[in-house]
Amino acid sequence: MPNLLILHGPPASGKLTTAKQISTLTGAAVFHNHLTLDVAKSILEFGTPEFWQLVGELRMLSLQTHFEHGKGTLLFTWCYEHPEDAEFLNRINAIATEHNGRILPVYLDCPAASLEQRVANPERIKMKKLSTVAGLQECLSNKSYGPIPYENCITLNSAVNTAVFNAQKIVEQFNL
């Protein structure tokens, strides 16, 4: 049965770090959301409607391929916004259901002060992620990040807990 574990939360909440820890524990593949951003940026101007349409199509095709041909669990990092991303999430859920797959949502909660301390991390800069406090503050004021509204969504604090601790909790919770 294909699983899609969606690690979501605001920028710098530790999604990729936690995904890498889960991958170490389980061998699951990591589909980092910036992979699609990087492809789209190589073709289109960042932030345009066409850019975001391409990003959505790349992500959907990748996730559909996992549910049709993949086995086991795929770890997907995402800055889910509610209700803006609800339609995309519904499309993913429909594909998962069609292929007897499961959506396993995990929200990484992290206070703004901790996000601000992390945002300029050299690894974030190297990956060309959002990496300034001003940019983060603007993003947080304009976006509505929160847990995916599914009954099985778990919330973990990534400011208090280490990525290793959170990864172990996630593996236990979802029997991975």
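The values are calculated or read from the model by the stated rules, or taken from the named source; none is laboratory data. This is a predicted model, so every value here is computed, not measured. Ideal geometry is used to build each Cβ from the backbone, glycine not excepted, and the neighbour counts take in all protein chains shown. Remember, those area values only see protein heavy atoms, side chains included, never the ligands or the DNA or RNA. Shrake-Rupley method; radii C 1.70, N 1.55, O 1.52, S 1.80 Å.
Heavy-atom accessible area per residue, the chain, 1.4 Å probe: how many Å²?
Numbers: 9110 Å² over 176 residues.
Heavy-atom accessible area per residue stands at 52 Å².
Shown here for segment 108-173: chymotrypsin sites (Phe, Trp or Tyr not before Pro) in loop regions (DSSP other than H, G, I, E, B) with at most 14 other Cβ atoms within 10 Å, namely Tyr150.
May I ask you to derive the FRET efficiency for Thr65 and Gln117 from their Cβ-Cβ distance with R0 = 35 Å, giving the value to the nearest 0.05? My answer for the efficiency is 0.45. Among the protein heavy atoms of the chain, carbon and sulfur supply 53% of the accessible surface, probe 1.4 Å, non-protein parts ignored. Just the accessible area for His99, please: 1.4 Å probe, Å², rounded to the nearest 10? The accessible area of His99 comes to roughly 50 Å².
Chymotrypsin sites (Phe, Trp or Tyr not before Pro), restricted to segment 16-104: which are DSSP loop and have at most 12 other Cβ atoms within 10 Å?
Here the chymotrypsin sites (Phe, Trp or Tyr not before Pro) that fit, given the DSSP loop and packing criteria, are Phe46.
Computed over the alpha carbons of the chain, Rg followed by Dmax gives 15.5, 43 Å.
At most 13 other Cβ atoms within 10 Å plus a DSSP loop assignment makes a site exposed; report the longest stretch of the chain without any exposed GluC sites (Glu not before Pro). Walk me through the intermediate numbers first.
Values: sites that count: Glu45, Glu84, Glu151.
No qualifying site falls inside 85-150, the longest such stretch.
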